[in-house]
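A short worksheet on the structure shown next.
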Amino acid sequence: MHISDGILEPEWIFFWYAISILFIALGLRIINKRIKADPVYLPRIALIGAVVFVISVWHIPVPVTGSSSHPVGTPFASIIIGPFAAVVISSIALFFQAFIAHGGLTTIGANTFSMGIAGAFGGYFVYRLLKNISPLWISAGMAGLAGSMLTYMTTALQLALSLNPGNVIYYWKLYSLGFIPTQLPLAFAEFAFTAYVIKYISETKGMENIQSGCTLDRFTITALMLMVSIISIIAIGAYIGYPGGTNMAGIDSTVEAMAAPAASPGGIGVRLMSVLGEPLGFALVGITGGLFTGYFWSELRRKN
Amino acid sequence: MLEWLTTDPLNGIIITITFFISVIIGRYLRMKRAAPGNKGKLVDPRIKILFLFILIISITLMKHWYFPTGITVICTLFALKSKIFQNFSRKMIFPVILAFFIVVIQGLTYGTNKINYGIPLYSEGLDSGFLIFARVIAAASMGILLLSNTPENEITETMRWYRVPGTMLDISSLMSRYIKAFSTEAKKMKWAQESRCGFSKRSGFSNKMHDVASITGALITRALVRAELVYRAMLSRGWKHDRSFVSHQPLDHNDLLMGFVFASGIMILLGIDRML
């Protein structure tokens, strides 16, 4: 969902424009270099730009909600033409979309940042990360899912920064939760769309950026399925709880009372959280725990 | 009863003079517009874009909901008069949904003064939410009204005047052509697929996604080949990217005057909003 005109405060309009222009300038430099080497690169990126425009206004069926919505398209574009070129074409697509009141003229900077920069770079990063350890459709699909989620989380952050500067983290979470009923199914639709299309293109026309991946082992499949299931349960629980008046308190108090009743207030965990802030603190804990478990998994199983 | 005549006459004189001069100017403008052979002058797209940008920024700076609401009402009346109301209202759906979402979130969470209408709402949140709602609707209606009667390629060429890099404009102009061709071709392929039992209501999500992907994939692969061939043909006929085919005329005095009037009007409106 793009931010419309009239929502962002002027200072944020110019801030997001400044950041996006930087990325667009870098993207244009790369595109110009490529055009010099291969002139046919120009219609190729324009064509992918048209695809991004069309699929981002093309409604596709979304399960759960029973309605239809549109994918972001930039993770798909970044896989084919690279993330910097994807930033440039997404800004142009957003400019055209302003004509149909999808987004706006003053919010092109902010929307380019969420859709073009966060969506394309996030999706591309995930694609590169999974490309060598998973089949092509999984890496492409995960790029679509991550790109879509990142786009909407960035949009939520932009709204929180501009509308509620006094309590950004709380409102970021709140806007993200507000997007969930439509955007979570949409992210899965984006997964399916990107996976299917990239697989189709790679099977019918070999493209330089798309390489076939490898098969997933049982461990990876189980881990991915667990991740998706747990995220869905948490998101649905939080969303159901919020209208019920839990005020997004989460499960902090339950965890504190049941899992760590004797936790010291001066302990390393509590101090880390106060220094980093909760989201970063939890991310750090997740990364450390995940790396440790993954690294020693085989050894732990063998011992058992 | 007539004591108002005996007190300070300044206000009365001012209102009388301004009213009658405006009546004369209004009648003159109407007669000029209705004169035979007058097709009406379109606002230069360069002025339009600048005006729109300044107006939207000003709308976001407004502190009272009634000014943006007034702009929305004026735009809606224009849309009705220009017989584009259906298109106008269809395009307004998306901004209205987003604005409504913000009103709900702000009303439910922002502020300290609780009002109970069955569900707990905050008065500050509702105020701020409605202000944002009014701003979004005003900005969107202005944008739709101004951009709906300007062709995309005209605005793309206008961007060259604003010193937007040539590569970006070349991509834009190619994109705008491809978008039209793509949409038409996608529709045709979808109909063809539907006639062959594709997109069936009975088929599940996976099958529908497979149908969407096969159309998109086939379109992209075919279009890539075709676009490359056409572009090579364009190059062989001497076409060079980054070359402008439209030489912009300098802005004439009327356009500049109109831009000045627009900008002054916006500033006055913003000033009044801030003073209230």
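Restricting the stretch A:25-51 to residues that are crowded, with 24+ Cβ neighbours inside 10 Å and within 30 Å of B:Ile57 (Cα to Cα), which is farthest from the other protein chains (Cβ to nearest Cβ)?
Restricting to residues being crowded, with 24+ Cβ neighbours inside 10 Å and within 30 Å of B:Ile57 (Cα to Cα), the top hit is A:Gly27.
Among the residues of the stretch B:94-109, are any touching a strand residue (DSSP E or B) at 6+ places or on another chain (Cβ under 8 Å) and more than 10 Å from chain A (Cβ to nearest Cβ)?
The answer is yes, given that some residue of the stretch B:94-109 is touching a strand residue (DSSP E or B) at 6+ places or on another chain (Cβ under 8 Å) and more than 10 Å from chain A (Cβ to nearest Cβ).
For the stretch B:167-187: of the residues being hydrophobic (A, V, I, L, M, F, W, C) and under 11 Å from A:Ala50 (Cα atoms), which is farthest from the other protein chains (Cβ to nearest Cβ)?
Step by step, filter the stretch B:167-187, then rank; the result is B:Ala181.
Return the only residue of A:Gly123, A:Gly141, A:Gly166, A:Gly119 being assigned to a helix (DSSP H, G or I) and surrounded by fewer than 22 Cβ atoms within 10 Å (Cβ to Cβ).
Result: A:Gly166 is the single residue among A:Gly123, A:Gly141, A:Gly166, A:Gly119 that is assigned to a helix (DSSP H, G or I) and surrounded by fewer than 22 Cβ atoms within 10 Å (Cβ to Cβ).
Scan the stretch A:52-70 and give yes if some residue there is at pLDDT 85 or above, surrounded by 24 or more Cβ atoms within 10 Å (Cβ to Cβ), within 21 Å of the chain's Cα centre (by Cα) and in a helix (DSSP H, G or I), otherwise no.
Yes, because at least one residue in the stretch A:52-70 is at pLDDT 85 or above, surrounded by 24 or more Cβ atoms within 10 Å (Cβ to Cβ), within 21 Å of the chain's Cα centre (by Cα) and in a helix (DSSP H, G or I).
(1) touching a Lys or Arg at 6+ places or on another chain (Cβ under 7 Å); (2) of a type in the set (A, V, I, L, M, F, W, C); (3) surrounded by 20 or more Cβ atoms within 10 Å (Cβ to Cβ): which one isn't true of B:Ile137, the others all being true?
Answer for B:Ile137: the failing condition is (1).
How many residues, within the stretch A:91-129, are aromatic (Phe, Trp, Tyr) and more than 8 Å from chain B (Cβ to nearest Cβ)?
5
Has the stretch B:25-42 got at least one residue that is under 24 Å from B:Thr150 (Cα atoms), modelled with pLDDT of 85 or more and not aliphatic (A, V, I, L, M)?
no
Within the stretch B:166-200, count every residue that is within 20 Å of B:Arg226 (Cα to Cα) and hydrophobic (A, V, I, L, M, F, W, C).
Going through the stretch B:166-200 one residue at a time, the tally reaches 8.
Okay, residues lined up against (1) in contact (Cβ under 8 Å) with a residue 60 or more places away in the chain; (2) at the interface with another protein chain (Cβ under 9 Å from one of its Cβ atoms); (3) touching a helix residue (DSSP H, G or I) at 6+ places or on another chain (Cβ under 7 Å):
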{"position": "B:Gly198", "(1), (2), (3)": "no, no, yes"}
{"position": "B:Ser203", "(1), (2), (3)": "no, no, no"}
{"position": "B:Ser206", "(1), (2), (3)": "no, yes, no"}
{"position": "B:His210", "(1), (2), (3)": "no, yes, yes"}
{"position": "B:Ile215", "(1), (2), (3)": "no, no, yes"}
{"position": "B:Ile220", "(1), (2), (3)": "no, yes, yes"}
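Taking the stretch B:118-158 on its own, how many of its residues are more than 19 Å from B:Leu98 (Cα to Cα), part of a helix (DSSP H, G or I) and free of Cβ contacts under 8 Å to residues at least 40 places away in the same chain?
Count: 5.
Out of the residues in the stretch A:1-41 that are assigned to a helix (DSSP H, G or I) and in contact with a Leu (Cβ under 7 Å, 6 or more places away or on another chain), which is modelled with the highest pLDDT?
The extreme case among them is A:Trp12.
Does at least one position in the stretch A:130-142 carry a residue that is on the phi < 0 side of the Ramachandran plot, within 14 Å of chain B (Cβ to nearest Cβ) and at pLDDT 90 or above?
Yes, the stretch A:130-142 has at least one match.
Against the condition over 29 Å from B:Leu251 (Cα atoms) and at pLDDT below 80, how does B:Pro151 come out, does it pass?
Judged against the criteria, B:Pro151 is not a match.
So which residues in the stretch B:225-240 are assigned to a helix (DSSP H, G or I) and surrounded by fewer than 20 Cβ atoms within 10 Å (Cβ to Cβ)?
B:Val225, B:Arg226, B:Glu228, B:Leu229, B:Val230, B:Arg232, B:Ala233, B:Met234, B:Leu235, B:Ser236
Could you check, for the stretch B:81-92, whether at least one of its residues is out of contact with any strand residue (DSSP E or B) (no Cβ under 8 Å at 6 or more places or on another chain), in a helix (DSSP H, G or I), among the aliphatic types (A, V, I, L, M) and within 11 Å of chain A (Cβ to nearest Cβ)?
Yes, the stretch B:81-92 contains at least one residue that is out of contact with any strand residue (DSSP E or B) (no Cβ under 8 Å at 6 or more places or on another chain), in a helix (DSSP H, G or I), among the aliphatic types (A, V, I, L, M) and within 11 Å of chain A (Cβ to nearest Cβ).
The values are calculated or read from the model by the stated rules, or taken from the named source; none is laboratory data. Given the structure is predicted, the values throughout are model-derived calculations rather than measurements. Heads up, the Cβs are rebuilt from the backbone with ideal geometry, glycines too, and the neighbour counts pull from every protein chain shown.
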